[in-house]
Structures are given as C-alpha cells and as structure tokens.
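Accompanying notes for the structure given below.
The values are calculated or read from the model by the stated rules, or taken from the named source; none is laboratory data. These numbers were taken from a predicted model, which means no experiment stands behind them. Please note: Cβ atoms are built from the backbone with ideal geometry, for glycine as well, and neighbour counts cover all protein chains shown. The protein model used for the area step is the full one, side chains on, heavy atoms only, and it has no ligands, DNA or RNA in it. Shrake-Rupley method; radii C 1.70, N 1.55, O 1.52, S 1.80 Å.
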Amino acid sequence: MLSRSSFTSLVVGVFAVYVAHTCWVMYGIVYTRPCPAAAAGAAGAAGGCVWPYLARRPKLQLSVYTTTRSSIGAESNIDLVLNVEDFDIESKFERTVNVSVPKKTRNNGTLYAFVFLHHAGILPWHDGKQVHIVSPLTTYMVPKPEEINLLTGESATQQIEAEKQTNALDEPVSHWRSRLTLNVMVEDFVFDGSSLPADVHRYMKMVQLGKTVHYLPILFIDQLSNRVKDLMVINRSTTELPLTVSYDKISLGKLRFWIHMQDAVYSLQQFGFSEKDADEVKGIFVDTNLYFLALTFFVAAFHLLFDFLAFKNDISFWKKKRSMIGMSTKAVLWRCFSTVVIFLFLLDEQTSLLVLIPAGIGAVIELWKVKKALKMTIKWQGLRPKFQFGAYNDSEKKTEEYDAQAMKYLSYLLYPLCIGGAAYSLLNVKYKSWYSWLINSFVNGVYAFGFLFMLPQLFVNYKMKSVAHLPWKAFTYKAFNTFIDDIFAFIITMPTSHRLACFRDDVVFLVYLYQRWLYPVDKSRVNEYGESYEEKSKKK
C-alpha cells in the first residue's frame, strides 16, 4: 500500500509529466517543419515540396452565397450576398449585409453560407483553381424562458398563453448566427509533401503546375467567433436578417492552433456539452489574449491539481476524525447547506460545466462531512431508514457551547438581513418561477452574508486559543485555489454574486492565517484527530 506522502508525490509527478507533455504538444502545433529541399534551394517534383500558390500573387475575388442545401447543385439554388472584387488578402475588413431568409429557413429550417475565393472576373464554378468552404448560418437552441414579476396578477387568458409559450420554449428552435469571420493563411510557407500536418491538410487543395505541386489559398472560417450572445431567434415573419462578414489574415501557427481549439469544442459537444457550455469555452479563446490564454492553461492545470489534493486531504481528515473538539458543528452544517444551495443556483442559472461539476462534487463531500460531524449512523429497517446520533463528551460539549454562543449573536444580524433581502427581490426583481426566486433568495443570503457563518469557527478558535484541530493541509490547497479563482472570476462567465464570493473567501483565509500565527503550536493540545503529542509519547 502506498503511504499518503508517496501517493501525493505520485500525483504531483503525473501532473508534472502532463504539463511537460502539454507544452510539447503545443510546440508541435505552433511550429511546422518547412520542406528541407526548399531550404537547400531544390525545386521541381524531386524536391518533394508543396509550394504556395499565393506566391504567384494572383488577382483574387471573394464571393459569399447562401442556400438551404449543404451542397451546391446548380447556380439557381443560391443567392449572392457579398462580392469583393480585387480582394486583398493583406487588408482586413468588416461589412454588414442583409440576407434574404427563405420560407424553409423561417419554418425552423437551416441556411448555409458558401464562401468562394476564386480568380477575379470568373464565376467560381467555372474556375478550376477556386477554393470554397461551407458554414451553417443557423443553429438550434432552446430559447431562454422569459422572467416575470411573481406578484403580478394575470388573467386566465394570459395564463393560458403563457403556458403555451412555455411548452413551445421546451423545443429547440432555429437561431440566426449574425457573424461570419473569414481568414486566409498568408504566409509563403513551403510544406514538406511527405509530412503534411493533418490539421491543415484537410483545408488544403493541391494543383500541379508544371513540375511543381502548389497548394491553393487556405480559406478558414473562425467558428469560435460564433457566440451565443450574438444569436437571434428566427421568426416566421422575418424576411431579412443582418450578417456581419469580417476578414483578417492569419499566420500558419495561429491557424493550426485555432483548428485544434475548434476540434476540442466540437468534441465537448459530442460528449454531451450543450451549446451554452461550449460557448463558455469559446469565450476563453476568443475574448482572451493568446499569451494570457497560455497562462490560463497553466493556471487551470494547477487549479485542477489543487482541487484534487484539497478533496483528497479533506476526505482523509474527516475519515480519520473521531472527535469534534474545537470544530464548529454549526459551521459544518452551514457550509453543507450553502454548498448545496450554490450548486442548485448554478444549475438553475445554466452555468458552465467548468464551474458546475466541481460545485456538485463539493456538495456531495459536504453532505458526507455532516454525517461525520453529527456522528450519524443509518440503519435500514426494510425500506425505511433509521437515523442514530452519537453522544458528545465533555470537551465536545464545551465546544458546542462556544458554537451556540457565537450563533446566538449572529442570528440577531443575519436573519433580518436575509428575510429583508428576499422580500425586496420579490417586489423588485423578475424571476422565471417561484423556485427560481427561492433559490436566488437563499444564494443571495449565502453570498452576501455567508462569510458570517465562518465566524463561529473563528470564535471557537479564539475561546480555545488553538487552531490545531483544523485541517490545515486541505485549507492550504483551498487557499491556493481561492486565489486562482480570483483569476478565473474575470475569465469564465458566471453570475456576478458568485464572482464576488471568490474575493470574499480571500478575507476569510487571511483571518485563519492570522489565527494560526497568533496561536502557536502547543503539544499538550489535541490535534484534529482528538490526540495530543504527549499522549502519543506515553503510548510509545
């Protein structure tokens, strides 16, 4: 059996290997080995190189068409929405055009954009050296339900209409993607024909010109720029919708990186992530500087490591704990209640799974800790559970007295604030349902005044003049994660109250650190397992 220290070292070692492997993979994505024959000055088919067609500086034209089919059958099936003559691949632009929406698309159908890059003055289907790419301009999503004032009275007719609307909102409807972002790889890069990168290869079209092989311009559509906030519901009465077409050049390294990120988002959707969850990941890539994005990857990796170590040490601490001396039971109960409420709130708000999954795991662990703190055992009598609670000794009862004294003072302040806040939100804020109001009222109390429930534990520490009974290893890892959460609060989309709670936790941890400095270690005091150093020496 591995000891705890060796297991932790193993986890850290695996983490270090994972980070090193990730760096190597990222380097392989950004760096592409050029054709060695081109560097040596060789030419022709013997060199095995694939040369860029753009090096010939052809005169190009950009055309964007729309159609209800995913493939073009004839010229009459498509509509021209944008035509850029004398297209300069080095110059960026952004244009907004009105797109005619066919009846089929308005009836919860689809619409596709065909983007052609071809020689100027020639129709794309008559140009043998044209390149094109297809992108859907529509996607299916369940509309967000409308929020109402819960105290506003409605007539019977309005209620029936509202029920019909609610039933309709349960089904996905066609939404309009109002942005189309185009890129062309402009580097005159010479590829090695024997080792073409698989990611770029599927976007390449080869032509034979004399004795050399050339690849035509690499046209790319940035799907990461399609955000949920830009989507528009397509109504049956809508005949035209705006489409913003933007273009910018792109380097080979960034193109390969962007292709991999799009594939990663697509994989998440295949694993069951919704459009909104995938949109949160897109926001990390699109709305963040690339250098800051690289920092975010490393920070996220360390966050995952500290999360695992904090959960591991927390579970190990409570699994071996036999005494509640110095531990505030009320604080444990409140932490469990607040964690479950936060999880239900994040679930109701349809928050990103990046935030929701760790919150759910934490809620399960907190429920288990309550069972340990109350010394609860569950015995089944047929299908009916029977709960039994253990007895506290004199030292634990003394701790409970301090705990009850602290809660008594807190209740004078906490309960009026929570009730007043719930009543104010009911009168002035709109919600989707009574359940939504209830969860929001609870979670606002947790976020705004939840740190007050940490005070009983601080009060117990003050009365006992000791912090030896606390799980300091788990606290240390959680402290690191708290400061990492401060960074993620500005990167990942989450409710504002959840974002502010990240900074509130910083203050709590600083107070705990101050108490650890204030009350030095006394070997005669009991530790977190109900034992003292002197008792261990006597046993030996």
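All but one of (1) in contact with a His (Cβ under 8 Å, 6 or more places away or on another chain); (2) over 22 Å from Val265 (Cβ atoms) hold for Arg236; which doesn't?
Of everything listed in (1) in contact with a His (Cβ under 8 Å, 6 or more places away or on another chain); (2) over 22 Å from Val265 (Cβ atoms), Arg236 misses just condition (1).
Report yes if some residue within region 374-397 is surrounded by 11 or more Cβ atoms within 10 Å (Cβ to Cβ) and acidic (Asp, Glu); otherwise report no.
yes
Which strands (runs of 3 or more DSSP E) does region 169-260 wholly contain that include 1 or more residues that are over 30 Å from Pro102 (Cβ atoms), open to solvent by 20 Å² or more (accessible area, probe 1.4 Å) and at pLDDT below 90?
206-209, 212-215
Name every residue in region 261-283 that is closer than 29 Å to Ser100 by Cα and aliphatic (A, V, I, L, M), in order of residue number.
Ala278
Restricting to region 398-435, and then to whatever is among the polar types (S, T, N, Q) and surrounded by 15 or more Cβ atoms within 10 Å (Cβ to Cβ), can you tell me which residue is farthest from Asp348 (Cα to Cα)?
The selected residue is Thr399.
Which residues, taken from region 363-397, are in a helix (DSSP H, G or I) and without any contact (Cβ under 8 Å) to a residue 40 or more places away in the chain?
Result: Ala363, Val364, Glu366, Leu367, Val370, Lys371, Asp394, Lys397.
Could you check region 307-339 and list, in sequence order, the residues that are farther than 25 Å from Lys397 by Cβ and crowded, with 19+ Cβ neighbours inside 10 Å?
Leu309, Ala310, Asn313, Asp314, Ser338, Thr339
Exactly one of (1) surrounded by fewer than 17 Cβ atoms within 10 Å (Cβ to Cβ); (2) at pLDDT 75 or above is unmet by Asp287. Its number?
Looking at each condition in turn, Asp287 falls short on (2).
Within region 261-272, track down each residue that is of a type outside the set (Gly, Ala, Ser) and part of a helix (DSSP H, G or I).
Met261, Gln262, Asp263, Val265, Tyr266, Leu268, Gln269, Gln270
Determine whether region 297-316 contains at least one residue that is touching a helix residue (DSSP H, G or I) at 6+ places or on another chain (Cβ under 8 Å) and more than 27 Å from Val11 (Cβ to Cβ).
no
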